[in-house]
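None of the figures in this text is laboratory data; all of them are computed from the coordinates on show. Bear in mind the structure is a predicted one, so any value in this text is a computation, not a measurement. Backbone-built Cβ (ideal geometry, glycine too); neighbour counts: all protein chains shown.
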């Protein structure tokens, strides 16, 4: 009897530990739900208990594969390739590949204005908070009729030219992986994070 | 005298001929009806002709591989631009949006992706970066969830002749099936410094958004199913991110890469777009959650209503949880009454509301106002303008209403006057 008691005790402790040490990534049922209400996560915790520690599904992604796909450029410069862009070279590429949508000076349209004019429309100069976003976006999505076709060199040059057109850099200023993240964009100080939190206040 | 007789004779002849002709026609018609009623001959319903066919007296169409809508009730999306189309909210029943009427928004068209040639790369601040094919994704434990997806730029107004779909048809609801992102990331081992993730699509725009990891880990789904079938190309085939309650743009379609990071990437879509001007000259970014909202879909333009009892209907939703209450007014905001919510009320989901209304035939205005479980009350246009010092932009979710005219015609109410 005492032997069994010990076994039950050990099992009991193990169960309590299992319950208390729920994996941190487990989805908790939403707070505030009343009993009897149904929702998508009903029974999920019980189901999760039947899962193995590791599924081991999929294929390992090696460094060379990741390097090919990892194209994003961050405000701190992470992701910028080697290179040097000049506004002068950028002007030539801009005329060939960008002007037909964004206008000869960057504000005539028909598509988005890139350069600030008297209308007050959002532009790189008055609305974009980070200069690195220009590089990221142009390389990612432009030109519209042939996305992803620009070389890193062309992207550097166009980035320099757009910053120059907006009066943010001088024409001879060279854009590199070091200088681009250092550029303080005029609109940056205007940005705040989402301050809406639900509840009665309208924001 | 004889001339008159001749004349009469001719008339008599004419009348006789006419009578015979009518008799023949009658006989033919009766014969045809008798024939149709008695013979086993299959008469194909000819819906294009003006002749009404009694459907209970003929054989219908044979079965088919893919169903179709009745030609008498076949709603269409409202194509606003080449890069967007809207759900005709006024034409739908219940709360599930038929997949082919789910709103569309894309920035470089709809890619055609062969799942055999598509992979999802998950890397960054994880111990084990992986590549997943659609077939791999389907091996994980799956979840299904009904929720709405709404574009954060979902409010248009400016004229009286606008339908609910034209006002805010960039919201749709589906049952999404896929894998919880947390299930996959648990396998890969997330490093402690991880705070954000970047999701990127395989379309021409390589659409990319940064999302806070904590929020994404609780509910985000990498979905491959929509309303019982594969996700449609317009919605991200073969796989997309679904983050219930978040603005549509973050729910990357044609998903090909997730990078776990310590900081947001600050892509163009989360800086120069999908941010809104708020008071004191500030610009608000990462406004990710969709606030509570509602719209009456009946009565609404272009419908015409009749005097008497009718059910006022609409949908309400909140990205912060459940809709707690919908208040409706049928007297231009003088009094508000609680509408009935169709259960089960789901979190972050379109919720149908109804209210029986006896219209007395006098001109009036009907309004609806959603209140969610956080206590947020859907604001008026003027409240939003005051709070933000801005007259438009993303996340504009004002109370809208409909003016009922004496004739029963219904028009969009001027939001600035609500």
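In percent, what relative contact order does chain B have, based on Cα pairs under 8 Å that are 6 or more apart in sequence? Spell out each step's value before the answer.
Numbers: 925 pairs, mean separation 57.5, N = 418.
Here the relative contact order equals 14 percent.
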Handout entry: Per-residue Cβ neighbour rank within 10 angstrom, fewest leading, A:171, B:116
Key = B:116, A:171
Fill in the blank from the handout: Gyration tensor on Cα atoms of the protein assembly as shown, a ≥ b ≥ c root eigenvalues, a/c under 1.5 rounded, else prolate if a/b beats b/c, else oblate, says prolate
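Kindly state, to the nearest 0.05, the FRET efficiency for residue B:391 paired with residue A:54, given R0 = 41 Å and r defined as their beta-carbon distance. Could you put the intermediate results ahead of the total?
Values: r = 53 Å, r/R0 = 1.29.
Step by step, r from the Cβ atoms, then E = 0.20.
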Fill in the blank from the handout: Taking 0.36 nm per residue of separation between residue B:5 and residue B:358 and subtracting their Cα-Cα distance, the length gained on full extension comes to 120.1 nm
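Per-residue mean of other chain beta-carbon atoms within 10 angstrom of the beta-carbon, peptide A:122-131?
On the way: counts 5, 1, 2, 0, 0, 6, 4, 7, 6, 0.
Partner-chain Cβ atoms within 10 Å, mean over residues of A:122-131: 3.
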Completion exercise
Under the 7 Å Cα-to-Cβ spin-label approximation, residue B:28 and residue B:383 lie apart by a distance in nanometres of 7.0
Problem - Pair residue B:68, residue B:214: separation of 7 Å Cα→Cβ label points (nm) - result: 5.4
Practice task
Would you mind checking the tilt of helix B:2-38 against the longest principal axis of the Cα atoms of chain B, expressed as 0 to 90 degrees and rounded to 10?
Solution key: 40
Fill in the blank from the handout: Length-normalised contact order of the range B:83-275, Cα under 8 Å, at least 6 apart, in percent, tallies to 27
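Answer rounded, prolate or oblate for the range A:107-178, using the Cα gyration tensor with square roots of eigenvalues a ≥ b ≥ c: rounded when a/c is under 1.5, else prolate when a/b is larger than b/c, else oblate. Write down the numbers at each step before the final one.
On the way: a/c = 1.91, a/b = 1.16, b/c = 1.65.
Taking the square roots of the gyration eigenvalues as a ≥ b ≥ c, the range A:107-178 is oblate.
Mind sorting B:376, B:298, A:164 by how few other Cβ atoms lie within 10 Å of their own Cβ, fewest first?
Values: B:376 24, B:298 18, A:164 21.
Starting with the residue having the fewest Cβ neighbours, the order is B:298, A:164, B:376.
In the range B:83-275, what % of DSSP beta bridges are antiparallel (nearest 5)?
Values: 35 of 40 bridges.
Given both bridge residues lie in the range B:83-275, the antiparallel proportion sits at roughly 90 percent.
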Problem - Inter-chain shielding of B:202-211 (mean C-beta neighbours from other protein chains, 10 Å cut-off) - result: 4
Practice task
State the Cα centre-to-centre distance between the range B:296-344 and the range B:244-269 in whole Å.
Solution key: 34
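When the convex hull of the C-alpha atoms of the range B:331-418 is computed, what volume per residue in Å³ does it have?
Values: hull volume 10.9 nm³, N = 88.
Once divided by residue count, the hull of the range B:331-418 is 124 Å³.
What does DSSP give for the protein assembly as shown in terms of the percent of beta bridges that are antiparallel, rounded to the nearest 5? Display every interim value, and only then the final one.
Numbers: 80 of 88 bridges.
Around 90 percent antiparallel, to the nearest 5.
If I stretch the segment between residue A:118 and residue A:151 completely, what's the gain in nm (0.36 nm per residue apart, minus their alpha carbon distance), one decimal?
Details: separation 33, 0.36 × 33 = 11.88 nm, distance 3.27 nm.
Net length gain for the segment: 8.6 nm.
What does the structure give for B:266-279 when I average, per residue, the other chain Cβ atoms found within 10 Å of the residue Cβ?
On the way: counts 12, 10, 12, 3, 2, 12, 13, 3, 0, 8, 1, 3, 6, 1.
Per-residue shielding by partner chains comes out at 6.
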Problem - Spin-label zone in the range B:231-252 - amide nitrogen under 17 Å from a point set 7 Å from the Cα of residue B:112 along the C-beta vector - result: B:232-238
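Against the 2.2 N^0.38 Å scaling, with N counting residues, where does the range B:72-112 land? I'd like the Cα-based Rg ratio to two decimal places. Please report the intermediate quantities before stating the final value.
On the way: Rg = 11.3 Å, N = 41, 2.2 N^0.38 = 9.0 Å.
Relative to the rule-of-thumb radius for its length, the range B:72-112 sits at 1.25.
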Practice task
Rank these for me by crowding, B:142, B:172, A:64, going from fewest to most other beta carbons within 10 Å.
Solution key: A:64, B:142, B:172
Exercise for the section: Extending each Cα 7 Å along its Cβ direction at residue A:38 and residue B:409, get the distance between those two points in nm, one decimal. Expected result: 4.5
